[in-house]
1. Taking the range 48-79 on its own, how many of its residues are open to solvent by less than 80 Å² (accessible area, probe 1.4 Å) and among the β-branched types (Val, Ile, Thr)?
2. Test TRP88 against the stated conditions and say whether it is under 13 Å from ILE33 (Cβ atoms), touching a Phe, Trp or Tyr at 6+ places or on another chain (Cβ under 7 Å), crowded, with 16+ Cβ neighbours inside 10 Å and without any contact (Cβ under 8 Å) to a residue 40 or more places away in the chain.
3. Can you tell me which condition LEU113 does not meet? The list is (1) assigned to a helix (DSSP H, G or I); (2) more than 16 Å from PRO22 (Cβ to Cβ); (3) among the aliphatic types (A, V, I, L, M); (4) open to solvent by less than 30 Å² (accessible area, probe 1.4 Å), and all the others hold.
4. Using beta carbons and a limit of 7 Å, which pairs, at least six apart or on different chains, have the first residue in the range 1-28 and without any contact (Cβ under 8 Å) to a residue 24 or more places away in the chain and the second one open to solvent by 50 Å² or more (accessible area, probe 1.4 Å) and part of a loop (DSSP other than H, G, I, E, B)?
5. Can you tell which of PHE5, PHE50, PHE102, PHE59 is in contact with a Lys or Arg (Cβ under 7 Å, 6 or more places away or on another chain) and aromatic (Phe, Trp, Tyr)?
6. Which of the residues belonging to the range 49-71 are in contact (Cβ under 8 Å) with a residue 12 or more places away in the chain and in contact with a helix residue (DSSP H, G or I) (Cβ under 6 Å, 6 or more places away or on another chain)?
Amino acid sequence: MRHSFNFWALLFLNPLTLGIYPLVKYTQMGSDISNLDGKSTFPYWVMALFLSGITLGIFPLIWWHRICNRIGALGPSNGFSAGTFWGWNVLGCLILVGPLVFLWKLCNALNSLPKSA
């Protein structure tokens, strides 16, 4: 079963649930992508809670790069890729609203993916 991804829910439920809601939704995202393309995905919650600190933040960058490439490959018409992650989420921090634009684009790209591969 594919999940729906709502920008506003991710934005507002993040502080209300102390970060648990995005943890669950991003784990569901990885599961959905694995079901669509048949490749295994490292669980987001393991990466976020354990490997992020151990690797000093390097592993999450690699994880997001790969996930964004896979989303773009599954739905090439959505214009989403790893460049979206690096441009809006990483470099976009300099203009403060970049990560919000990335989250918006991520939700739209995920919701536009086919129901099954």
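The values are calculated or read from the model by the stated rules, or taken from the named source; none is laboratory data. From a predicted model like this one, the values you see are computed outputs, not experimental measurements. We place every Cβ from the backbone using ideal geometry, glycine too, and count neighbours over all the protein chains shown. In case anyone asks, the SASA skips ligands and DNA or RNA and just uses the protein heavy atoms, side chains included. Shrake-Rupley method; radii C 1.70, N 1.55, O 1.52, S 1.80 Å.
1. Adding up the residues that qualify gives 4.
2. no
3. All conditions are met except number (1).
4. From residues that are without any contact (Cβ under 8 Å) to a residue 24 or more places away in the chain, the pairs are THR27/PRO43.
5. Just a single option satisfies the conditions, and that option is PHE5.
6. Selection gives PHE59, PRO60, TRP63, TRP64, HIS65, CYS68, ASN69, ARG70, ILE71.
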